[in-house]
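Enquirer: Questions regarding the structure given below will be posed in turn.
The values are calculated or read from the model by the stated rules, or taken from the named source; none is laboratory data. Keep in mind that what you see is a predicted model, and the values were worked out from it rather than measured. No Cβ is skipped: glycine too gets one built from the backbone with ideal geometry, and neighbour counts run over all protein chains shown. Heavy atoms of the whole protein, side chains included, go into the accessibility calculation; ligands, DNA and RNA do not. Shrake-Rupley method; radii C 1.70, N 1.55, O 1.52, S 1.80 Å.
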Amino acid sequence: MFCLLFWVPVLVMFPNSFMGPEELKAAYGGVLGGGGQAVQMELLPVYPTLRPYVELLLDSPDFFVMFWNSVKQVVPILLGQVLVGMPAAWAFGRYRFTGRRILFLLYMILMIMPFQVTMVSSYLVLSNLSLMDTHLAIILPGVFSAFPVFIMQKFFHSIPDALVEAAMVDGAGQLKIFLHVGVPLGMPGIMASVLLNFLEYWNAIEAPMTFLKTKAKLPLSLYLPQITTDQVGSSFAASIVMMLPAVLIFLWGQEYLEQGIVASGLKE
């Protein structure tokens, strides 16, 4: 019953995305128009229509620009996190070297820091590198995030030493062991990291608002706040369209996500 409460906003949002402006005004006029009438929550549209989706997908070029901006920002971030995070996680999970625990502790401290703490320093670094108001201002800080390393390190650390030793006996070098033993066995952790970070950066708001100034470079997560009250139908439709990629990817990688959550709670 409590889990169903989390579905209430979605159960309201989906049918409302098929309502016409007159029906929405009748139901939510007290909020949208500033009147004194009570808000009536409608679960099913009386006169369903596709007009909000037509306006969003055919008459809103800004929506498509921001959609592809999100793709241009999120996909390089995820690819960069895998390329940078896998070797770092493998080193933390399989090697023993001086300062390893201290360095990993610094990773964890960076991971739990909110964006507001590092916002000013990140702004200064990006400004000195002349990357402000570019897609790289969002991509580079995301690529070097500490969270993917934390997730993948747990999986690499759980690989039995016997497998690594057997590969070494067969003549495999460190790089070959990493590629042919570590990556396949650590794939659940890699996919869990990709899934969790997709959800984070697809819905990112603070970093784009801070580092991007040109409207043509803003991601889709900043489209909804720009919709006016007379376009509430498009707002519901945009919410559904924006939610679909995250929901589909979550359903596809739910098993990896569960394994990642379990692994993140394991003690080293």
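Enquirer: So what is Rg over Rh here for region 127-207, counting just Cα atoms and using Kirkwood for Rh?
Expert: Looking at region 127-207, the ratio lands at 1.15.
Enquirer: I would also like to ask the following. Treat each spin label as a single point 7 Å out from the Cα along the C-beta direction, and report the THR118 to VAL71 distance in nm.
Expert: Between THR118 and VAL71, the label points sit 2.8 nm apart.
Enquirer: Please report the carbon-and-sulfur percent of the accessible area for the chain; probe 1.4 Å, protein heavy atoms only, DNA, RNA and ligands left out.
Expert: 71 percent
Enquirer: I've got another one for you. Taking the convex hull of the alpha carbon atoms in region 55-173, what volume per residue do you get, in Å³?
Expert: Each residue corresponds to 174 Å³ of Cα convex hull volume.
Enquirer: If you don't mind, there's one more thing I want to ask. Tell me the relative contact order for the chain as a rounded percent, counting alpha carbon contacts under 8 Å between residues six or more apart.
Expert: Numbers: 292 pairs, mean separation 76.1, N = 268.
Relative contact order comes out at 28 percent.
Enquirer: Just to be sure I understand the model, the point goes 7 Å from the Cα along the line to the Cβ. What's the resulting GLU22 to TYR47 distance in nm?
Expert: The two pseudo-label positions are separated by 0.3 nm.
Enquirer: First measure r as the distance between the Cβ atoms of LEU4 and VAL169, then evaluate 1/(1 + (r/R0)^6) with R0 = 41 Å and state the FRET efficiency to the nearest 0.05.
Expert: 0.15
Enquirer: Additional query: Give the separation of the Cα centroids, region 170-193 to region 91-136, in Å.
Expert: About 25 Å separates the Cα centre of region 170-193 from the one of region 91-136.
Enquirer: Additional query: Using a Gaussian network model of the chain whose springs link C-alpha atoms within less than 10 Å, name the residue from MET13, MET113, MET242 with the highest mean-square fluctuation.
Expert: Residue with maximal mean-square fluctuation among MET13, MET113, MET242: MET113.
Enquirer: So if each residue of separation counts as 0.36 nm, and I subtract the Cα-Cα distance between LEU106 and LEU248, what length gain in nm does that give?
Expert: Extending this stretch completely gives an extra 47.7 nm.
Enquirer: To check my understanding: the extent here is largest minus smallest coordinate of the Cα atoms along each principal axis. What are those three numbers for the chain, in Å, largest first?
Expert: Result, largest extent first: 75, 48, 31 Å.
Enquirer: As a test of the formula, what do you get for the chain when each DSSP H run with n ≥ 4 contributes -39,500 (n - 2.57) and the sum is divided by the residue count, at 222 nm and rounded to the nearest 500 deg cm²/dmol? Could you put the intermediate results ahead of the total?
Expert: Details: 15 runs with 180 residues, N = 268.
Rounded to the nearest 500, the figure is -21000 deg cm²/dmol.
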